[in-house]
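The structure appears right after this line, and notes come after that.
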Ligand code: CO
């Protein structure tokens, strides 16, 4: 049996380093979580939610999947959004894509990748909805542009869920943001796609 002992050692060091700064950190956090942000991002190992925005445990509620897709029939993602909005009452939902996304790249290819092709269909749909914009872009920029367009599409999808619609109807404060992360320099870019009401949508 392989025990991955080094990860447990890492974990002990990490917990100790936090307790050095605040000995009550975990005790306080164990009693409740009150994150203000729901992060919906890609599963890519290079795009870790908390680290990118430099926030400690307890500050970000996170859902990740391949290519940060929000599908209206995905009970997993919808349950996360419902819990975050209705129970935790997060004030911001951040859809964060990233340049160089393998899921987006695979969706642009005309070959099979197995089961995942069924998931990537959603990205192919985004490309189809935006065919004109993509057509007018150089080959080099198409990949980056589709990564951005996918974020914008998913912001729309989040806004159109019954969960977000009902929150806005009840006068709740909730903004949905579209961001993209550059894996080459670690910098986030706001896609200026922030929606806080149906009027803005
Ligand atoms: Co990705």
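When we screen 88, 145, 134 for residues that are surrounded by 15 or more Cβ atoms within 10 Å (Cβ to Cβ) and within 16 Å of the ligand (Cβ to nearest atom), the only hit is 145. Within the stretch 152-160, one or more residues are modelled with pLDDT of 95 or more and not in a helix (DSSP H, G or I). What about residue 174, is it surrounded by 20 or more Cβ atoms within 10 Å (Cβ to Cβ), under 18 Å from the mean Cα position of the chain (by Cα) and closer than 18 Å to residue 103 by Cβ? Against the criterion (surrounded by 20 or more Cβ atoms within 10 Å (Cβ to Cβ), under 18 Å from the mean Cα position of the chain (by Cα) and closer than 18 Å to residue 103 by Cβ), residue 174 does not qualify.
Taken as a whole, the structure places residue 51 among residues that are within 16 Å of the ligand (Cβ to nearest atom), at pLDDT 95 or above and either over 16 Å from residue 98 (Cβ atoms) or assigned to a helix (DSSP H, G or I) (or both). Under the condition of being part of a helix (DSSP H, G or I), out of contact with any helix residue (DSSP H, G or I) (no Cβ under 6 Å at 6 or more places or on another chain) and touching a residue at least 12 places away in the same chain (Cβ under 8 Å), the residues counted in the stretch 1-43 number 1. Residue count for the stretch 100-118 satisfying the condition of being within 16 Å of the ligand (Cβ to nearest atom) and over 13 Å from the mean Cα position of the chain (by Cα): 12. Under the condition of being more than 16 Å from the ligand (Cβ to nearest atom) and surrounded by 17 or more Cβ atoms within 10 Å (Cβ to Cβ), which residue from the stretch 60-81 is farthest from the chain's Cα centre (by Cα)? By that ranking, first place goes to 74.
A count restricted to the stretch 173-191 and to residues that are part of a strand (DSSP E or B) and in contact (Cβ under 8 Å) with a residue 60 or more places away in the chain stands at 9.
Screening residue 113 against (1) touching a helix residue (DSSP H, G or I) at 6+ places or on another chain (Cβ under 7 Å); (2) buried (at least 16 other Cβ atoms within 10 Å of the Cβ) leaves a single unmet condition, (2).
The values are calculated or read from the model by the stated rules, or taken from the named source; none is laboratory data. Keep in mind it's a predicted model, so treat the numbers as computed, not measured. Every residue, glycine among them, receives a Cβ derived from its backbone with ideal geometry; neighbour counts consider all protein chains shown.
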